[in-house]
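Take a look at the structure set out below.
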Amino acid sequence: MSYEVLVVGAGFAGASIAYFLGRLGVKALVVDVKGWDGVGSKPCGDAIGKHHFDELGMPYPEGDELQGLVKGISIYSPSEEHEVFVEGEGFEVHRIKYAQRLLSDAISRGVEFLGGAHFREPIIKNGYVVGAKIWAGGFKEVSSKVVVDASGVARSVVRLLPKSWPVNEELSLSDANIAYREVRVLKNSIEKPEILRIYVNNEVAPGGYWWFFPYSLLEGYVNIGLGVRGDLRGVHPKELLYKYVFSRSEFKDSRVVEAGGALVPTRRPITSLVWNGVAVVGDAAYVVNPVHGGGKGSSMISAKCVSEAVLNALEAGDASAKNLWKANICFMVRYGCKQGALDVFRYFLQKLSNDDLEFSISRKLVSGSELNEISLKGRFEVGVVDKILKIASLLRRPSLLIKLKTVVKYMDLIKDHYLNYPSTPERLEKWVADLNSLLAAYYEALK
Ligand code: FDA
Ligand code: GRG
């Protein structure tokens, strides 16, 4: 079997890249261990910002692909007495139906899908990935110009590549969240179902948060989950969710419709999304927002960037890292630079005590619209910084004040570093060394 592109994984990222490749007329095969019914099925909160669909020219979810409309997010303090409201439009998406729609669109344009097919091994020749061995009731060899790893946190393809290739970068558990969620139907109707709710509390969800995301178009349906930092021993998100959340009266006699959890890579993006004959998208490329853990919108961005670079390489007749490099430039400017900055912010947030969190939210250190700007751009505007520093100094919080100054400084430095991502693979090593020095200096300053 021979294809221009082999995509491993038909989750949200795999379905997205299939959609873009189909539209570019690329001959591709998508394989997944799951069958058609499992396309896009991994446990999720299902919330995606509307702006992603607009920016990428992707179809809005509609009909039974759409489970709720989102008008904003309320973030609650540990006491739950204070909140910051972030206005913003989004969708609660039926992840399976929407991913199936993307893949169907691709199939109608000549992309093929093979379910029940397990990627086992890459085939490497002369420093290039040139195909893969697949188990689908028997071994098959698929040859291809590019293999795209869309296998999620399993990283099924890239983890088997040489360690010296920058697409094979291990995930440290301190840079991840373990999140568990259930979809439940509540007895009583939900107030303001178009508002998602996030609760920060270090005792309930250390290094993460718990959430309550209603499906506004399905009366009584809600997605409730909890994430904790991945390296905390003996801390189990499901246990915490049952202990602190499902014990509340509003969940009495609720019906569980779905349950499950997974690892969320809450860090800066992978060093490079491409190398010779290979590309990475979605969770396998660590393209998740490090602060809120949303990875579906950015999976679509990575898919768009990689698909265009693949076409570029196919047209050039050589799927070298150099010819695929465009994917990195596209992604780092569009999203990776913000991830770099938010990774710095995430590190700071995870160190805050409940007292600091209560203080920051109750004193409205950052307003909802400012938080929205920071989340969209990965940068504190100068006026916002001045305001925060003024409040913190007036309220005599010297240690928070010093730390905030450091965080803002390094968020800017790291974002700018990503905006200066090297234009060719040869300059990557130096860029990575400089990034690591910046990060080491930041961690030291925040000790
Ligand atoms: P995903 O894991 O979905 O897909 C990988 C696919 O590869 C799977 O179908 C798998 O079967 C296949 N595969 C793996 N190995 C293979 C092999 N060897 N051979 C063949 N196939 C193989 N994001 C967001 O935007 N909004 C939200 O509300 C949330 N909420 C949320 C809650 C929880 C509990 C979690 C765990 C995560 C979220 N996220 C989220 C994150 C979001 O779910 C995630 O970023 C994307 O679904 C990632 O999609 P991928 O396609 O990259 O991986
Ligand atoms: C606890 C870390 C952890 C993981 C849980 C529940 C969850 C995973 C993720 C939910 C993410 C979320 C809050 C999605 C809401 C969608 C929305 C309207 C986001 C607004 O943020 P954007 O669109 O973010 O500015 P990005 O980075 O996607 O552009």
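Quick notes
- Region 339-445: relative contact order as a whole-number percent, Cα under 8 Å and 6+ apart: 32
- For the chain, the antiparallel share of DSSP beta bridges with both residues in that region comes to about 70%.
- Sequence-separation-based contact order of region 88-214, relative, with Cα cut under 8 Å and 6+ spacing, percent: 11
- When the C-alpha to C-alpha distance is required to be over 23 Å, the pairs from LYS192/LYS252; LYS50/LYS192; LYS71/LYS390; LYS125/LYS304 that qualify are LYS71/LYS390; LYS125/LYS304.
- Overall form of the chain per C-alpha gyration tensor (a/c, 1.5; a/b vs b/c): oblate
- The angle between the Cα long axis of helix 296-316 and the longest principal axis of the Cα atoms of the chain comes to about 30 degrees, rounded to the nearest 10.
- Mean-position separation - Cα centroids, region 246-292 and region 44-58, in angstrom: 15
- Cβ crowding within 10 Å ranks LEU400, LEU428, LEU376 as LEU376, LEU428, LEU400, fewest other Cβ atoms first.
- Which of LYS430, LYS296, LYS409, LYS238 has the fewest Cβ neighbours within 10 Å, and the rest in rising order: LYS430, LYS409, LYS238, LYS296
- Taking a Cβ cut-off of under 15 Å around TYR180, the surrounding Lys, Arg, Asp and Glu residues balance to a net charge of +2, with basic ones at +1 and acidic ones at -1.
- Translational diffusion of region 339-445 was estimated from the Stokes-Einstein equation, with Rh taken as the Kirkwood radius over Cα pairs; at 4 °C and 1.567 mPa s the coefficient is 87 µm²/s.
- Entries in LYS296/LYS409; LYS377/LYS403; LYS42/LYS238; LYS296/LYS415; LYS163/LYS430; LYS238/LYS415 that, when Cα-Cα distance is taken, lie over 24 Å: LYS296/LYS409; LYS238/LYS415
- Helix axis angle, 337-349 relative to the chain longest principal axis, alpha carbon, degrees: 40
- Sequence-distant residues sharing a close amide H with ARG120 (under 5 Å, placed H): LYS133, ILE134, TRP135
- Between region 108-166 and region 302-376, the Cα center-to-center distance that results, in Å: 26
- When TRP165, TRP325 are sorted by how many other C-beta atoms sit within 10 angstrom of their C-beta, beginning with the fewest, the order is TRP165, TRP325.
- Ordering of 171-184, 42-55 by packing [mean C-beta count within 10 Å, highest first]: 171-184, 42-55
- Note on the chain: with a GNM built from Cα contacts shorter than 10 Å, the maximum mean-square fluctuation among GLY127, GLY220, GLY261 falls on GLY127.
- Net charge of Cβ neighbours under 14 Å - reference GLU80; Lys, Arg +1; Asp, Glu -1: -3
- Positive minus negative residues near GLY45 (Lys, Arg vs Asp, Glu; Cβ under 12 Å): +1
- In degrees, nearest ten, helix 368-377 long axis to first principal axis of the chain (Cα): 20
Each reported figure results from applying straightforward, stated rules to the coordinates on display, with no laboratory input. Computed from a prediction, not measured in an experiment: that's the story for all the values here. For neighbour counting, all protein chains shown are included, and Cβ atoms are generated from backbone atoms with ideal geometry for every residue, glycine included.
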